[in-house]
Amino acid sequence: MEPEDTDVTGPDNIDGVNQDGGNREGIVPSSEDTPQQAATLGELLLAVEELWPESLAESWDEVGLVAGHPSAPVTKVMFAVDPTLEVIDEAVKWGAQLLITHHPLLMKGVTTVAATTPKGRAVHRLIESGTALLTVHTNGDSAVGGVSDVLADALGLQDVAPLTMAANGLPEEGIGRVGDLADAMTLGDFAARVFGILPSVAGGVRVSGDKDGLVRRIAVCGGAGDSLFDEVRASNADVYVTADLRHHPASEAREAALNGRPYLVDVSHFASEWLWLPAAAAALGNVLSDQGHDIEIQVSTTNSDPWDFILTPG
Ligand SMILES: [Zn+2]
């Protein structure tokens, strides 16, 4: 989650992030031997709503269709974290008719989409190429199988529950998650586990706390989660894993910690949310195939984490 996401592209591809719905060539059958394969964009929107209802989005958020005709046919869908120009170009080159991104392209009031601005160039590139853009943001955070659910699952958490209940959702829906490791481990080993499950990005993983302290109860929030410290403390978590932790919220949380807990693990915003993409692609693919559609779904291989390198002591 994050209301103020901006879009800056990095040049590097991520190792091992290419989640492919199938081979790039040949998976879309020719029209003569397939009575039903493409879906319309409108049908795609219904499938997306089934998985990540817009009613789950936070009130400040902007989710849903950004560009595209509901009647347009869709045979290829790409998932990405950020609707940067590099990502849009990747989707266009692959031939996607729909790009689904976690972060909104447009969050604030817009008075121009002239191609002289970065956002305007993105809008032009989408419309001129016939590529629809759909945002699944805090509805994708909150839903079952959403961003923090996937993060919790990847970390091996059990008995997972939301940190905050969704205003319009089920008890298992909401922002952030908290759950327990099967066995206690040291904070150092846990941080290594976090590092191991995330795509590699320049910033790595930062940790605050006793490296040898034992941890078991883990709170997570994909994206920027520094608004949830009260909920994290109430959950009795030993560790809080989130992104974009700034000095003052982090420092004050450490001052308020009881017995040193919750320790903090600060990860890349992009990396923490990227994990959701393959899971989301698989979930959407299942819904569409149940409906008789044969749609190629792929995850973007563009690393849109804005940071490129880091210097550390030693
Ligand atoms: Zn985010």
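No value in this document is a laboratory result; all are computed from the given coordinates. None of the values given here were measured: they were computed from a predicted structure. Note: ideal-geometry Cβ built from the backbone for every residue, glycine included; neighbour counts use all protein chains shown.
Distance from the alpha carbon centroid of the range 159-185 to that of the range 94-151 works out to 27 angstrom. Here the Gaussian network model covers the chain, with springs between Cα atoms less than 10 Å apart; of 303, 236, 139, 236 fluctuates the most.
Karplus-derived 3J(HN,Hα) values for the range 243-255, using 6.51 cos²θ - 1.76 cosθ + 1.60 with θ = phi - 60°, are 10, 6, 6, 8, 3, 5, x, 5, 4, 5, 5, 5, 5 Hz; glycine and proline are entered as x. With all pairs of separate Cα atoms included, the range 90-181 yields a Kirkwood hydrodynamic radius of 15.4 Å. Once the gyration tensor of the Cα atoms in the chain is diagonalised, the equivalent ellipsoid follows with semi-axes of 35, 21, 18 Å, ordered largest first. With a cut-off of 15 Å on the backbone N, the residues of the range 118-159 near the modelled label site 7 Å out from residue 94 along Cα-Cβ are 131-134. Which number gives the lysine pairs in the chain that have C-alpha atoms under 24 Å apart and are eight or more places apart or on different chains? Total qualifying Lys-Lys pairs in the chain comes to 4. In this simple spin-label model, placing a label point 7 Å from the Cα along the Cα-to-Cβ direction at both residue 124 and residue 247 gives a separation of 4.0 nm.
Across the range 144-267, the relative contact order, built from alpha-carbon pairs under 8 Å that are at least six residues apart, equals 24 percent.
Applying 1/(1 + (r/R0)^6) with R0 = 30 Å to the Cβ-Cβ distance of residue 49 and residue 200 gives a FRET efficiency near 0.35.
Mind grabbing the base-10 log of I(q)/I(0) for the range 145-223 at q = 0.11, 0.16, 0.17 Å⁻¹? Debye formula, identical points on the C-alpha positions, no solvent, two decimal places. Once normalised to I(0) and log-transformed, intensities are -0.30, -0.61, -0.68. Of 113, 205, 267, the residue with the greatest mean-square motion in the GNM of the chain, using alpha carbon springs below 10 Å, is 113. Shown in residue order for the range 45-59 are the 3J(HN,Hα) couplings computed by the Karplus curve 6.51 cos²θ - 1.76 cosθ + 1.60 at θ = phi - 60°: 4, 5, 5, 5, 5, 4, 7, 9, x, 4, 5, 7, 5, 5, 5 Hz (x for Gly and Pro). The phi-based Karplus calculation (6.51 cos²θ - 1.76 cosθ + 1.60; θ = phi - 60°) puts the 3J(HN,Hα) values of the range 258-271 at 9, 6, x, 10, x, 5, 10, 10, 9, 10, 5, 4, 4, 5 Hz, whole numbers, x for Gly and Pro.
For the chain, relative contact order (Cα pairs under 8 Å, six or more residues apart, normalised by length) works out to 26 percent.
The modelled label-to-label distance between residue 106 and residue 290, using points 7 Å beyond Cα along the C-beta direction, is 3.3 nm.
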